[in-house]
Amino acid sequence: MDTTHTRESIPVVKRDEYDAAWQAKREAVSIEGQETLYVELITALERKRPLSGQKYNRTMRKFVKRGLPWLNKSQVIDVYERLCAAGLMTFDPDLRIHLQMKPTRSQAGVTVVTVLTKPYPCPGKCIFCPTDVRMPKSYLHDEPGAQRAERHGFDPYEQTAVRIRALEQIGHPAEKIELLILGGTWSSYTRDYQEWFVKRCFDAMNDEESTTLLEAQEKNAVGPHRNVGLVVETRQDRIDVDELRWLRYLGVTKVQVGIQSMDDHILAINARGHDVQATRDAFRLLRLAGFKIHGHWMANLLGATVESDVEDYGRLWSDIAIRPDELKLYPCMLVKNAELHDYWLRGEYTPYTEDEVKYVLMACMTQTPRWVRLNRVIRDFPTTNVVEGNKKANMRQIAQRAMEKEGLRQQDIRYREIRREQVTLADLELRVDSYQTDATTEHFLSFETADERIAGFLRLSLPNCDTRHPLPELEDHAMIREVHVYGPALNLGDDSQGEAQHMGLGTKLVLQAKAMARAAGYGHIAVISAIGTRNYYTKHGFQLNGLYMTCPISD
Ligand code: SF4
């Protein structure tokens, strides 16, 4: 493994052609003398619901004929905000979200910014995993996020800063940012690189340089773009107590781990290099340390069948030591630059047909518990890379429609979360779903409507008293692993009505969690807070205490 990369060898890319073009595109247009026409344009766009690309273009064309220049989305939002500032229109956050036309990215109340680490070897040798020397392991050069990262030389500052600017320019509020660091196995990069990378992301969120990571974190706790979640992806065999502490030091709150299969034989022939027990061990440590666990599971690996896959998926939930909080469900996609391609050429591997993929997805989606968020179904490789098998990137929607037609029930969080619906407190009821793991009792507290739409939830983890805690300072502590309240992301100070984020649901959930932990006999409660949520928890009586924020709860 190459461990020779140093800070000096990390490429820094200056503003490139792409940025220059981007900058030019966002030049502000002059509205002087044409204010009335611009108001008419915004009003016309407001009436197009949903505002598809086609409807946008058609409307734009009409106004170009009447003398306006062609505006891109960023410019429309800019014009709208200037018209409001001039008192010619009344600012409406809902209209701004409507105009940005891509509302889903921030609909869970938080804006996601994805950055990629530099190309680097991964200790894994998985036969299904693509290799592209231009990319960190497992990423393809032409994936959308990967292209963006490459354009910026994989520089963390550039990637984060440009993404925030771009999102803000198209009207996405970016005060609350979940930072998703992708690329191979995070823990295999040198710790110097990891610390430098995270610090530079914080520098970009802070709009300001710091000399150390701790300084950058302190600034972020009160900064303009607060980090409300930090996610890395790593292997289960890299998780030990030392790694838990290191991840917390960096500010990590969620860890993505490739479970891939619950069958030791399948793991072995696909050269995963670990067994199922390694996943159980890692998950126990991660869960006790309060991390949110985001698993990846794959169908159609070498040696699997449609039937064995459906059974294997069930074991994710029947095995109490696994039970991740979130999941990506990826049927294997056959690409040329993975070793599996040779197996296929030799006739030793056959990708599922589209119908088989649909069947497996349907069977898996119906088995997914209600406290799990099924984040992604189908890897978003550009389908031109897929040699044989399913090429439909929208297979999730196809499977969902088929399930609805057959009356099959889906209950995962993503399927049920409220998006733009207006709800009031009177519409919501607190519900608690409890389940066991090998080291904890988990309580999933959620505020739901009568038809089980989720407005907010909290994961309360109560460690078993007979389990020796891997982090002794957390003995006698209940743990809040996640608090999530939905609603479009709005910047602080924006007006909002009926959105879950602003009904105090977070406060209600935290109070309920404290009461439950107290009733269960715990003297303290801890929270795995992201750096930018520290102020929020301070208001709830928590204090920073080493790697966690904690609060006494005994009577
Ligand atoms: S561990 Fe992950 S990134 Fe590394 S080879 Fe295996 S699948 Fe690819």
statement: Taking the stretch 143-158 and keeping residues within 30 Å of ASP94 (Cβ to Cβ) and more than 16 Å from the ligand (Cβ to nearest atom) leaves PRO144, ARG148
- request: Inspect the stretch 392-402 for any residue being assigned by TED's automatic domain parsing to the domain that holds TYR537, outside any loop (DSSP other than H, G, I, E, B) and under 19 Å from the mean Cα position of the chain (by Cα) and give the result as yes or no.
  value: no
- prompt: Are any residues in the stretch 148-179 farther than 20 Å from GLU208 by Cα and either in a helix (DSSP H, G or I) or modelled with pLDDT of 95 or more (or both), and if so, which ones?
  reply: ARG148, ALA149, GLU150, ARG151
- request: For THR111, indicate whether it is modelled with pLDDT of 80 or more, closer than 30 Å to HIS484 by Cα and within 12 Å of the ligand (Cβ to nearest atom).
  value: no
query: Any idea how many residues of the stretch 125-142 are open to solvent by 10 Å² or more (accessible area, probe 1.4 Å) and either within 16 Å of the ligand (Cβ to nearest atom) or in contact with a Cys (Cβ under 7 Å, 6 or more places away or on another chain) (or both)?
result: 12
task: Name every residue in the stretch 445-459 that is hydroxyl-bearing (Ser, Thr, Tyr) and open to solvent by 10 Å² or more (accessible area, probe 1.4 Å), in order of residue number.
output: THR449
- prompt: Would you pick out the residues in the stretch 222-240 that are more than 16 Å from the ligand (Cβ to nearest atom) and not assigned by TED's automatic domain parsing to the domain that holds THR114?
  reply: ASP240
task: Tally the residues that are loosely packed, with under 14 Cβ neighbours inside 10 Å, free of Cβ contacts under 8 Å to residues at least 12 places away in the same chain and of a type in the set (Gly, Ala, Ser), restricting the search to the stretch 522-555.
output: 0
- prompt: Of (1) crowded, with 19+ Cβ neighbours inside 10 Å; (2) within 20 Å of VAL115 (Cα to Cα), ASN300 satisfies all except one. Which?
  reply: (2)
task: Return the residue satisfying two criteria in turn: it lies in the stretch 114-124 and is assigned to a loop (DSSP other than H, G, I, E, B) and more than 8 Å from the ligand (Cβ to nearest atom), and of such residues it is surrounded by the fewest Cβ atoms within 10 Å (Cβ to Cβ).
output: PRO121
- line: In the stretch 116-144, residues that are among the aromatic types (Phe, Trp, Tyr) and under 27 Å from GLU348 (Cβ atoms) total 2
- request: Search the stretch 271-290 for residues being within 16 Å of ASP237 (Cα to Cα) and open to solvent by less than 10 Å² (accessible area, probe 1.4 Å), and hand back the single one that is farthest from the chain's Cα centre (by Cα).
  value: VAL276
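Residue-by-condition table, conditions (1) outside the structural domain of GLY506 (by TED's automatic domain parsing); (2) closer than 30 Å to ALA455 by Cα; (3) assigned to a loop (DSSP other than H, G, I, E, B); (4) modelled with pLDDT under 80:
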| position | (1), (2), (3), (4) |
| --- | --- |
| ALA21 | yes, no, no, yes |
| ALA24 | yes, no, no, yes |
| VAL64 | yes, no, no, no |
| LEU68 | yes, no, yes, no |
| ASP78 | yes, no, no, yes |
statement: Taking the stretch 241-267 and keeping only residues that are buried (at least 19 other Cβ atoms within 10 Å of the Cβ), more than 16 Å from the ligand (Cβ to nearest atom) and not hydrophobic (A, V, I, L, M, F, W, C), one is left with GLY251, THR253, LYS254, ASP263
task: Scan the stretch 412-444 for residues that are part of a strand (DSSP E or B) and either in contact with a helix residue (DSSP H, G or I) (Cβ under 9 Å, 6 or more places away or on another chain) or surrounded by 14 or more Cβ atoms within 10 Å (Cβ to Cβ) (or both) and report the count.
output: 10
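The values are calculated or read from the model by the stated rules, or taken from the named source; none is laboratory data. Remember, predicted model here, so these are calculated numbers, not experimental data. Neighbour counts run over all protein chains shown; Cβ positions are idealised from the backbone, glycine included. For the accessible areas, the whole protein counts, side chains as well, though only heavy atoms, and no ligand, DNA or RNA atoms are used. Shrake-Rupley method; radii C 1.70, N 1.55, O 1.52, S 1.80 Å.
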